[in-house]
1. May I ask you to list pairs of residues, at least six apart or on different chains, whose Cβ atoms are under 8 Å apart, with the first in the stretch 554-581 being surrounded by 13 or more Cβ atoms within 10 Å (Cβ to Cβ) and part of a helix (DSSP H, G or I) and the second being aromatic (F, W, Y) and modelled with pLDDT under 85?
2. Contact list please: Cβ distance under 9 Å, first residue in the stretch 31-53 and farther than 21 Å from S187 by Cα, second residue acidic (D, E) and at pLDDT 85 or above, pairs at least six apart or on different chains.
3. Between V472, V498, which is modelled with pLDDT of 90 or more, within 24 Å of N546 (Cα to Cα) and either outside the structural domain of Q420 (by TED's automatic domain parsing) or more than 29 Å from the chain's Cα centre (by Cα) (or both)?
4. Answer yes if at least one residue in the stretch 51-69 is in contact with a strand residue (DSSP E or B) (Cβ under 8 Å, 6 or more places away or on another chain), modelled with pLDDT of 55 or more, part of a loop (DSSP other than H, G, I, E, B) and within 20 Å of N110 (Cα to Cα), and no otherwise.
5. Filter the stretch 143-169 down to residues that are assigned to a helix (DSSP H, G or I) and polar (S, T, N, Q) and give me whichever is surrounded by the most Cβ atoms within 10 Å (Cβ to Cβ).
6. Quick check on the stretch 105-142: of everything there that is farther than 19 Å from A172 by Cβ, at pLDDT 70 or above and not in a helix (DSSP H, G or I), which residue is nearest to the chain's Cα centre (by Cα)?
7. Could you check the stretch 316-365 and list, in sequence order, the residues that are part of a helix (DSSP H, G or I) and of a type in the set (D, E)?
8. Pairs needed: first member in the stretch 211-239, among the β-branched types (V, I, T); second member anywhere, not in a helix (DSSP H, G or I); C-beta distance under 6 Å; at least 6 residues apart or different chains.
Amino acid sequence: MYPLVKAKFLKLELEESKVIRKVAKNALLEFAKDEYNRILVMEEGIVLVPLVGTAAYKSFRPALYSWPSLPDGTKIEQTSKGPSKYGASELLLGLNVLENNIDLDAAKTNALVGRTQQQFLARIGAIEVEDDNKSNLCNSNEKFTLLPWIDGVARLVLILGLEDESAISRAARSIADASINELMRISFMEAGALKFLVQLSNHSSDAIRLAALEALDKLSISNDVCQRIEAEGVLRPLINLLKRSKLETSRSLLATINILTRILDPNKEIKSKFYVRAVDNSKVGLDETGNTVADEGNDKVSSKSFSSGQILELGELVDSAVFTYLVDLMKTSNPDLQRKASSIIEFITMIEPCVEKLIFAGIESGLETVFRQKSLTDTEDDVQGEHPEQRSLVLEEAGQAVSAASRLLTRLLDDNHFCQTINSPNFTQLLRTILVSDFPLHYKDRVAASLVKLSSLSGHNSGFENPISVEVTVYETIPRLIQQIQNSFYLEVQESAVLELHRIISEGLIDSTRAIPLEGGIFALVNLMEKGSDRAKEASLAILYNLAMDSENHGAIVAAGTIPILKKIVLSQGSQWTRALRLLRILPT
């Protein structure tokens, strides 16, 4: 409530409220020195903006247009040839747009209004004058002011275009701090911050480059903003940064990896199809002007569909130095970095064959490191002091890394040369260890897929006599089917899962009947036997009948409330009553 009350006082505009507003502003500035409290302040629609001094704005040179464009560079169709009725279309660039009923969404309108107001203050030399007069005795590098988010966003973007390196760095850091939700990220995008930040990501100053990368990292959390960042051409400076880097975990490199992971996401089907199309057509490159072109007379890629920043020259992405760095990241002990490196490498393999370079970079040892997670080798003494929440978090992060690496391995196994060079028995044993571990079940599906593929390449058939197929079924397939029966809200999904489970049981797979009780499947089957469809009831009854052949399961079956349900089925004389009667005779009553 404290920041909320102060923020309301700060927004008062009555003449008699100036003193209250001044006190509220000072209190909020003091309150915002703490990182957590700063977020609370910004959630009230107020942005902290660094005071860079009026001298820094002398380098501001706004472009003069006869007709304005949006802050992000988008051109606006001119519907009127006449001057602004206020006679100030050059000075108050943008306000005349709102007088012509141009259809703009709220974010674009706010960005336009904010830019117009801040540029007007900068042009007449009135920006920061009031704040500077009140802080003559203070170092401006340590001072901030508070602005409503529309003006604050516009002010920060305006500072990015100045020449003062200290001011630019502070503004970029403030953008990173202010990007706390989707509204703010979209606002910075519409205000034109992305173009500046992408340019600054290749700046010669380490401080500016770091600030720009961290701002892009926070902004790229939004899918829409991430796509716009890519369109601005951020891939080339990011890849070049990786080429020049040694294995380290500096803040700039962590931010670089985060951005690349979001852009080069193998789950983005549309993106992958586009890159495959580019590779199939020809070798794609960039001409002297930065436009995308295709060799041997092929048509230029349409700029209306894809900007030049969306297509990175393949020779820059598929680079030995990049692979070496990414593989080295896989060899670290950080599961998050392992996951991101595996994901980026997988995306690269989707756009062009590059297995030879990956083998040379040591991809086999990188995969092996990921699969040898520390959480798999922890003894009871190692985890005894951990809280359950900490242990769950460790397993979650390790599971994500292993899942990404397994997915990469599955893709690499499509290449014959890779299959011939790797130690298949070693990887098989590592993946089998993961499959029977405590890792979250939803990460084991990738592990199971890799195991099955390794098994098929090793000459094993797909029958249940293959021990790998048995383990995959017991430790991944059966638990997954039981989860679907327990958690799905759709009867069709439950029915499909129980029918598949019945098929597995009827095959006589070793240990399958033991796996179901261990996963809590008896209660799920009893519940489905009562509420499921006829086919689901019949399959559930058949499975429970098989489980009842082992007397050790009798107690759990009875405890699940099976007896009353079976009696009800028998008395109803339905299609399943004979099977229900046989099960009743087996169970102790």
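The values are calculated or read from the model by the stated rules, or taken from the named source; none is laboratory data. Just so it is clear, the model here is predicted, and its values are computed rather than measured. A quick note on method: Cβ atoms are made from the backbone with ideal geometry, for glycine too, and the neighbour counts reach across all protein chains shown.
1. Filtered contacts from the stretch 554-581: I569/W577; V570/W577.
2. Going by the 9 Å Cβ cut-off, the qualifying pairs are E35/D177; V52/D164; G53/D164.
3. Among V472, V498, only V498 is modelled with pLDDT of 90 or more, within 24 Å of N546 (Cα to Cα) and either outside the structural domain of Q420 (by TED's automatic domain parsing) or more than 29 Å from the chain's Cα centre (by Cα) (or both).
4. no
5. Among them, the one singled out is S169.
6. The qualifying residue nearest to the chain's Cα centre (by Cα) is D105.
7. Step one: of the stretch 316-365, the residues part of a helix (DSSP H, G or I) are 316-317, 320-330, 335-351, 355-361, 363-365.
Residues satisfying the conditions are E316, D328, D336, E346, E356, E364.
8. I229/S220
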